[in-house]
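Asks: Once you've had a glance at the structure underneath, I'll fire off some questions.
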Amino acid sequence: MSIRAQFALFIAILATTNGRAQEDIPEQAALRAEYPERIRPLFENYCIRCHDQDTESKVRLDTIDPTIAPNTIDTWTRVKNVLSGSMPPPKAKKRPSPQDLDALLSWIDGSLKRFDADQKESGGDTLIRRINNRAYANMLKTLLGVPAQGMENFPEDGAVQGFDTVGSGLYASTYLYKLCINSAKQTLDVALPTSEAWPEILEKKWNAKESKMRQFQQDCKIDDNRIRTLSENPKSDNDFLSVLPCERRAVATHYGLKDFNDLAPKGIVWTNDPKCMEEVISALKEDIKKIQAIDAAAVADFQLERSAKLTMTVAQPGRYRLSARLCLSNANYPQPVHILMDSVYVLKNLLLDDPPSAPKTYEVDVFLNKGSHTFTVFAAIPYLNNVFCRHANATYGLTLTGQDFTPKYFLTSDELTKGIAVPMILCSDMAVRGPLYDSWPLPAVAHIFTRGVNSPPTRECAEEIVLSFMRRAYAGDCDVSVARPYVGLIMSKFESGHNFLEAVKYGLAAVLCSPRFLYLGEEQRPESAHRKTLSAFELGRRLAYFLWSDLPDDVLMASAASGALLDEQELLAQTRRMIKDPRSRAFREAFTTQWLKIDKLESLSVSQEMFPAFDPVLQEFAKEESVAYFSEILDRNESFLEFIDSDFSMLNGRLAQHYGIDRIAGNEMRRVPFPKDSHRGGVLTQASVLMATSNGMESSPVRRGAFVMDRLLGVSPGVPPPDVPALDKTDTEKPDKTLFTPRERLAMHRENMSCARCHDKIDPLGVGLENFNAVGSWITKQSLPLPSVSKSKKPQWEEHVVDASGAMLDGTKYNGPDELKQRLMEHKDQFARCFAEKLTIYALGRSLELSDQPVLDKLCAHVAAENYGLATMVENVILSELFRNK
């Protein structure tokens with residue numbers, strides 16, 4: 001059956017499928033038949049009088065070919081754009097009715113899609129793909145046993161349809177190649193150290209008690225040395241600035257003066273007076289006793305500091321373990337905490353709720369390079385400018401003093417009434433220990449130097465090293481001819497005066513930047529019309545790249561080497577094994593965050609003024625909720641329809657607090673059932689998605705509606721035409737100085753016919769989520785910032801009752817997020833098709849084509865018959881001919 005016949009059959013199936021709302025691409029014959037009957041008369045009526053041979057217009061509509069071709073695509077695209085925006089001009093005698101304009105634009109849009117489909121159709125070829133940055137880092141770590149080095153300046157991978165696995169978005173350049181070379185060299189230097197001796201393990205500690213003592217001594221400058229200096233050579237310390245307050249008081253009292261400053265006018269030199277010196281030294285000793293008593297009491301009552309910083313100089317790169325003993329001055333009010341390295345890199349986020357009676361030690365492992373590194377523990381909400389006070393008041397309804405930072409462990413009702421001290425984050429001990437190795441020499445040494453690190457520097461040995469390394473790096477068999485150029489590099493380097501180890505590093509760095517490593521080497525089939533099965537090694541690497549963003553392991557390589565991987569049952573067994581492996585975290589996280597468009601959530605800036613209860617720890621946990629939720633459904637093979645609506649999610653104490661769910665504590669994610677009245681359930685009500693579809697201050701019905709269309713229903717929201725004002729340019733204030741609600745502003749935006757074409761579909765889907773604000777909290781009233789918000793120190797808000805009524809693409813009405821989810825469940829097969837397409841695009845690394853549709857039909861039908869299991873869906877994508885063929 002030809003592709004055209006297959007597509008016709010596919011369209012017929014869609015016509016009888018309930019709830020399917022995918023945008024159909026019209027046949028060329030239908031477009032050509034419609035043009036003279038419907039479209040040409042509209043052009044003659046409204047356009048050709050200004051766009052024919054008698055006008056100066058560059059666009060001739062009287063002679064334009066109705067079949068869009070490479071030589072007319074630019075003209076037709078321009079016609080579409082001007083019809084969507086500035087044409088016909090306002091002063092035109094005849095303007096098309098909305099129905100006529102819609103007919104013109106629909107026909108042009110269908111013709112452009114037909115042209116695009118015909119041009120792109122390749123029979124399902126997967127473009128040659130460069131591995132993305134995530135895979136490059138994972139593969140280097142797998143091969144060399146240490147984290148990839150020097151990737152900080154790698155440019156961000158391009159994304160197509162939101163996914164960074166698609167070959168057409170993964171560009172390569174000389175600049176990127178140089179970065180890969182540098183990264184490979186740096187990683188090899190760490191993985192293949194020159195020292196044969198096990199590195200010395202060092203430890204750097206910080207202790208609150210010792211820190212306090214040093215601080216007291218530094219601030220007061222009182223110790224035995226001070227007393228000895230005054231006793232032996234008092235004249236050496238007559239500088240006014242070095243005289244301590246207790247000394248000044250003692251001297252003034254000795255001479256019967258009110259103030260130490262009165263000495264100079266009277267010409268008194270107190271350091272020449274032995275009796276005065278005795279009284280000064282006595283005063284010093286008394287102050288030392290007082291300070292020591294204060295210090296002892298402080299250490300006994302408050303064993304912890306509210307901030308901690310530890311700096312360590314690293315001489316040997318490797319894995320180090322940071323530990324911090326933490327608690328909260330009052331554990332009734334948990335607070336978010338950052339553990340940072342070098343003031344930039346977040347090593348750990350947590351919600352601290354450990355009481356002073358039971359401090360907890362938190363540990364985190366980090367790979368450190370040579371140099372000085374500083375580790376800091378501090379509050380995610382700063383204790384400055386009453387920011388923390390607003391946060392505590394919004395989170396717990398507490399009115400804090402904002403001034404008294406003394407920790408109070410037990411708060412009485414009287415204190416709560418009067419205002420309490422800020423609950424402090426306290427740290428008693430920090431330590432960094434390392435480098436920590438499981439074995440020495442490092443595993444990469446044994447893997448690479450098969451004859452030992454002191455291998456003879458011969459061409460034969462270099463050849464063994466390169467061939468062994470290539471087979472692992474290329475995930476396939478290699479012969480001597482492939483290795484020969486790299487062996488030549490090694491020997492050339494060695495013969496120029498470098499030692500053999502450095503020469504080997506030089507050659508292997510070249511291997512790690514070769515096309516066979518940086519690209520998924522899949523031979524293209526000679527004819528696009530005929531699919532060809534991937535070889536076992538090609539299939540193994542594609543599978544590992546999909547599920548692990550990494551190289552195949554030894555088990556998968558053995559299966560490929562024997563040819564067993566080409567058997568469907570063996571492929572299924574390997575798939576199930578790999579999904580259970582911890583390395584599948586790469587797939588779970590990357591696909592989930594990119595499908596839900598939350599992969600850049602941390603870059604969203606949230607208004608602290610409007611949302612004082614918000615903190616960056618919540619932002620990270622919100623993202624983790626979505627990944628853990630996907631993983632939970634995958635591991636249990638539960639229905640992926642749960643993504644539309646469910647009665648549970650994966651929460652920890654901070655997220656439960658944010659969602660208003662009681663009796664959940666701790667930082668670990670666990671399955672938590674939702675109360676019946678929570679309005680939560682499914683990805684649409686997760687804080688991550690709700691944050692990502694806002695601007696950090698207000699929710700965005702447009703972003704949320706577009707998300708529902710594109711990521712859940714598989715319908716393109718459309719691209720805004722040029723010369724159309726953005727929504728944020730719409731007036732915000734009414735003549736009476738009150739604010740337009742978001743719905744009113746959207747309605748004003750839709751008055752522009754060009755805007756209405758898209759927004760008539762998008763907006764009714766997005767407004768159903770207006771009961772969730774910009775950070776995902778449930779609301780019944782919207783707080784709209786007045787124009788003075790950006791200038792005033794005390795922002796003012798105007799409240800409006802939320803209207804969350806909307807309509808589906810087919811016009812079906814609903815009211816609120818609960819009914820929106822019900823309506824989406826009525827289109828479950830449409831969602832299943834959309835989800836299958838997104839997952840398949842991620843897995844194949846290419847956009848889907850018309851020739852792929854019959855395979856997707858079978859895949860979706862099979863998964864539906866198996867109760868829409870998520871693991872079943874992943875397995876069937878891998879077992880499909882789309883994944884196994886090229």
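Asks: Here are the criteria: (1) at pLDDT 70 or above; (2) not charged (D, E, K, R); (3) not in a loop (DSSP other than H, G, I, E, B). Tell me which single one Gly150 does not satisfy.
Replies: So the condition that Gly150 fails would be (3).
Asks: Kindly evaluate Ile181 against the criterion of being under 14 Å from Asp550 (Cα atoms) and in contact with a helix residue (DSSP H, G or I) (Cβ under 8 Å, 6 or more places away or on another chain).
Replies: No: the conditions fail for Ile181.
Asks: Kindly establish whether Leu765 is of a type in the set (A, V, I, L, M, F, W, C), within 28 Å of the chain's Cα centre (by Cα) and either at pLDDT below 95 or open to solvent by 40 Å² or more (accessible area, probe 1.4 Å) (or both).
Replies: Details: of a type in the set (A, V, I, L, M, F, W, C): yes; within 28 Å of the chain's Cα centre (by Cα): yes; either at pLDDT below 95 or open to solvent by 40 Å² or more (accessible area, probe 1.4 Å) (or both): yes.
So Leu765 fits the description; yes.
Asks: Name the single residue that is farthest from Asp438 (Cα to Cα) among those in segment 175-214 being open to solvent by 100 Å² or more (accessible area, probe 1.4 Å) and modelled with pLDDT under 90.
Replies: Going through the qualifying residues, I end up with Arg214.
Asks: Can you tell me how many residues within segment 333-357 are buried (at least 20 other Cβ atoms within 10 Å of the Cβ) and under 29 Å from Pro193 (Cβ atoms)?
Replies: 1
Yes/no per residue for (1) over 30 Å from Ser851 (Cβ atoms); (2) of a type in the set (Asp, Glu); (3) at pLDDT 75 or above:
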site	(1), (2), (3)
Tyr35	no, no, yes
Cys50	yes, no, no
Val59	yes, no, no
Pro89	yes, no, no
Arg95	yes, no, no
Leu101	yes, no, yes
Gly110	no, no, yes
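Asks: State all residues of segment 839-886 that are within 23 Å of Gly521 (Cα to Cα) and in contact with a Lys or Arg (Cβ under 6 Å, 6 or more places away or on another chain); if no residue qualifies, say none.
Replies: Gly845, Asn885, Lys886
Listed here are the residues, each with its yes/no results for (1) assigned to a loop (DSSP other than H, G, I, E, B); (2) under 29 Å from the mean Cα position of the chain (by Cα); (3) without any contact (Cβ under 8 Å) to a residue 24 or more places away in the chain.
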site: Asp810; (1), (2), (3): yes, no, no
site: Asp829; (1), (2), (3): no, no, no
site: Ala832; (1), (2), (3): no, yes, no
site: Phe835; (1), (2), (3): no, yes, no
site: Lys838; (1), (2), (3): no, yes, no
site: Ile841; (1), (2), (3): no, yes, no
site: Ser847; (1), (2), (3): yes, yes, no
site: Gln853; (1), (2), (3): no, no, no
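Asks: Out of segment 820-839, which residues are basic (Lys, Arg) and under 13 Å from Asp810 (Cα atoms)?
Replies: Within segment 820-839, the first condition is being basic (Lys, Arg), and the residues that meet it are 821, 823, 828, 833, 838.
Arg823, the sole residue that qualifies.
Asks: Could you list, in sequence order, all residues of segment 266-283 that are in contact with a helix residue (DSSP H, G or I) (Cβ under 9 Å, 6 or more places away or on another chain) and of a type in the set (Lys, Arg)?
Replies: Result: Lys275, single match.
Asks: Now a separate question. Filter segment 320-332 down to the residues that are buried (at least 18 other Cβ atoms within 10 Å of the Cβ), at pLDDT below 95 and over 17 Å from Asn207 (Cβ atoms) and list them by number.
Replies: Leu328, Ser329, Asn330, Ala331
Asks: Does segment 172-191 include one or more residues that are part of a loop (DSSP other than H, G, I, E, B) and of a type in the set (Phe, Trp, Tyr)?
Replies: In the first step, residues of segment 172-191 are kept if they are part of a loop (DSSP other than H, G, I, E, B); the result is 172-173.
Narrowing further to those that are of a type in the set (Phe, Trp, Tyr): none.
Looking for residues that are part of a loop (DSSP other than H, G, I, E, B) and of a type in the set (Phe, Trp, Tyr), one finds none in segment 172-191, hence no.
Asks: Would you check if there is a residue in segment 585-593 being over 29 Å from Ala706 (Cα atoms), open to solvent by less than 50 Å² (accessible area, probe 1.4 Å), modelled with pLDDT of 95 or more and not hydroxyl-bearing (Ser, Thr, Tyr)? Spell out how you get there, then give the answer.
Replies: If we filter segment 585-593 for residues that are over 29 Å from Ala706 (Cα atoms), which is where we start, we get none.
No, the conditions are met nowhere in segment 585-593.
Asks: Name the helices (runs of 4 or more DSSP H) wholly within segment 429-542 that hold at least 3 residues that are open to solvent by less than 30 Å² (accessible area, probe 1.4 Å), touching a residue at least 60 places away in the same chain (Cβ under 8 Å) and of a type in the set (Lys, Arg)? Spell out how you get there, then give the answer.
Replies: Values: elements: 443-448, 459-473, 480-495, 500-511, 515-518.
Qualifying helices (runs of 4 or more DSSP H): none found.
Asks: Across segment 124-139, what is the total count of residues that are out of contact with any strand residue (DSSP E or B) (no Cβ under 8 Å at 6 or more places or on another chain), assigned to a loop (DSSP other than H, G, I, E, B) and open to solvent by less than 60 Å² (accessible area, probe 1.4 Å)?
Replies: Taking segment 124-139 as the starting set, the residues that turn out to be out of contact with any strand residue (DSSP E or B) (no Cβ under 8 Å at 6 or more places or on another chain) are 125-127, 132-139.
Right, trim to assigned to a loop (DSSP other than H, G, I, E, B) and you get 125-127, 132.
Add one more test, that the residue is open to solvent by less than 60 Å² (accessible area, probe 1.4 Å), and what stays is 125-126, 132.
Within segment 124-139, residues that are out of contact with any strand residue (DSSP E or B) (no Cβ under 8 Å at 6 or more places or on another chain), assigned to a loop (DSSP other than H, G, I, E, B) and open to solvent by less than 60 Å² (accessible area, probe 1.4 Å) number 3.
Asks: Can you find, within segment 691-715, the residue that is most open to solvent (accessible area, probe 1.4 Å) among those that are polar (S, T, N, Q) and not in a loop (DSSP other than H, G, I, E, B)? Walk me through it before giving the result.
Replies: We begin by selecting, within segment 691-715, every residue polar (S, T, N, Q); these are 693-695, 699-700.
Filter again for not in a loop (DSSP other than H, G, I, E, B), leaving 694, 699.
Details: Ser694: 1, Ser699: 24 Å².
In this case the residue turns out to be Ser699.
This table checks each residue for (1) within 30 Å of Thr374 (Cα to Cα); (2) at pLDDT 85 or above.
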site	(1), (2)
Val243	no, no
Glu247	no, no
Thr253	no, yes
Cys276	no, yes
Glu286	no, no
Thr313	yes, yes
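Asks: Among the listed residues Lys418, Lys360, Lys408, which satisfies the condition of being at pLDDT 90 or above and open to solvent by 60 Å² or more (accessible area, probe 1.4 Å)?
Replies: Numbers: Lys418 fails: at pLDDT 90 or above; Lys408 fails: at pLDDT 90 or above.
Testing whether each residue is at pLDDT 90 or above and open to solvent by 60 Å² or more (accessible area, probe 1.4 Å) leaves just Lys360.
Asks: To continue, here is another question. For segment 674-690, what are the residues that are outside any helix (DSSP H, G or I) and either surrounded by fewer than 18 Cβ atoms within 10 Å (Cβ to Cβ) or small (Gly, Ala, Ser) (or both)? Quick ask: steps written out before the conclusion?
Replies: Let us first name the residues in segment 674-690 that are outside any helix (DSSP H, G or I), namely 674-682, 686.
Residues satisfying the conditions are Phe674, Pro675, Lys676, Asp677, Ser678, His679, Gly681, Gly682.
Asks: Identify, by number, the condition in (1) surrounded by fewer than 16 Cβ atoms within 10 Å (Cβ to Cβ); (2) assigned to a loop (DSSP other than H, G, I, E, B); (3) modelled with pLDDT of 85 or more; (4) hydrophobic (A, V, I, L, M, F, W, C) that Ala394 doesn't meet.
Replies: It fails just one condition, (2).
Asks: Now for a separate question. Scan segment 140-161 for residues that are small (Gly, Ala, Ser) and open to solvent by less than 30 Å² (accessible area, probe 1.4 Å) and jot them down.
Replies: Let us first name the residues in segment 140-161 that are small (Gly, Ala, Ser), namely 145, 148, 150, 158-159.
Hits for segment 140-161 are Ala148, Gly150, Gly158.
Asks: Within segment 257-285, count every residue that is part of a loop (DSSP other than H, G, I, E, B) and more than 24 Å from Ser231 (Cβ to Cβ). Show your work before the answer.
Replies: To start, the set of residues in segment 257-285 that are part of a loop (DSSP other than H, G, I, E, B) comprises 257-259, 267-269, 273.
Among the residues that remain, those that are also more than 24 Å from Ser231 (Cβ to Cβ) are: 258-259, 267.
Residues that pass the stated criteria total 3.
Asks: Report whether or not Tyr629 is touching a strand residue (DSSP E or B) at 6+ places or on another chain (Cβ under 8 Å), open to solvent by less than 20 Å² (accessible area, probe 1.4 Å), assigned to a helix (DSSP H, G or I) and under 25 Å from Leu713 (Cα atoms). Before you say what the answer is, go through the steps one by one.
Replies: On the way: touching a strand residue (DSSP E or B) at 6+ places or on another chain (Cβ under 8 Å): yes; open to solvent by less than 20 Å² (accessible area, probe 1.4 Å): yes; assigned to a helix (DSSP H, G or I): yes; under 25 Å from Leu713 (Cα atoms): yes.
Against the criterion (touching a strand residue (DSSP E or B) at 6+ places or on another chain (Cβ under 8 Å), open to solvent by less than 20 Å² (accessible area, probe 1.4 Å), assigned to a helix (DSSP H, G or I) and under 25 Å from Leu713 (Cα atoms)), Tyr629 qualifies.
Asks: Shifting gears a bit: Among the residues of segment 632-653, write down those that are closer than 25 Å to Gln335 by Cα and open to solvent by 10 Å² or more (accessible area, probe 1.4 Å).
Replies: If the condition is that a residue be closer than 25 Å to Gln335 by Cα and open to solvent by 10 Å² or more (accessible area, probe 1.4 Å), then Met650 is the only one that fits.
Asks: For segment 262-269, does any single residue satisfy the condition of being open to solvent by 80 Å² or more (accessible area, probe 1.4 Å), among the charged types (D, E, K, R), over 55 Å from the mean Cα position of the chain (by Cα) and at pLDDT 85 or above?
Replies: Among the residues of segment 262-269, at least one is open to solvent by 80 Å² or more (accessible area, probe 1.4 Å), among the charged types (D, E, K, R), over 55 Å from the mean Cα position of the chain (by Cα) and at pLDDT 85 or above, which makes the answer yes.
Asks: Now for a separate question. What pairs come up if the first residue lies in segment 636-661 and is in a loop (DSSP other than H, G, I, E, B), the second is of a type in the set (Ser, Thr, Tyr), and their beta carbons are under 7 Å apart, counting only those six or more places apart or on different chains?
Replies: Between residues of segment 636-661 that are in a loop (DSSP other than H, G, I, E, B) and residues that are of a type in the set (Ser, Thr, Tyr), the close pairs are Asn637/Thr872.
Asks: Here's another thing I want to ask about it. Just to be sure before I move on: is Ile644 of a type in the set (Val, Ile, Thr), closer than 20 Å to Ser777 by Cα and more than 24 Å from the chain's Cα centre (by Cα) in the structure I sent? Even if it seems obvious, please write down each step before you answer.
Replies: Working: of a type in the set (Val, Ile, Thr): yes; closer than 20 Å to Ser777 by Cα: yes; more than 24 Å from the chain's Cα centre (by Cα): no.
So Ile644 does not fit the description; no.
Asks: Name the pairs whose Cβ atoms lie under 6 Å apart, with the first residue in segment 567-579 and in contact (Cβ under 8 Å) with a residue 40 or more places away in the chain and open to solvent by less than 20 Å² (accessible area, probe 1.4 Å), the second in a helix (DSSP H, G or I) and among the β-branched types (Val, Ile, Thr), and 6 or more positions between them or separate chains?
Replies: Once the first residue is in contact (Cβ under 8 Å) with a residue 40 or more places away in the chain and open to solvent by less than 20 Å² (accessible area, probe 1.4 Å) and sits in segment 567-579, its partners that are in a helix (DSSP H, G or I) and among the β-branched types (Val, Ile, Thr) give Thr575/Ile878.
The values are calculated or read from the model by the stated rules, or taken from the named source; none is laboratory data. The structure presented is a predicted model; accordingly, all values stated were derived computationally and were not measured. Cβ atoms come from the backbone with ideal geometry, glycine included; neighbour counts cover every protein chain shown. Side chains are part of the model used for accessible areas, which takes the heavy atoms of the whole protein and leaves out ligands, DNA and RNA. Shrake-Rupley method; radii C 1.70, N 1.55, O 1.52, S 1.80 Å.
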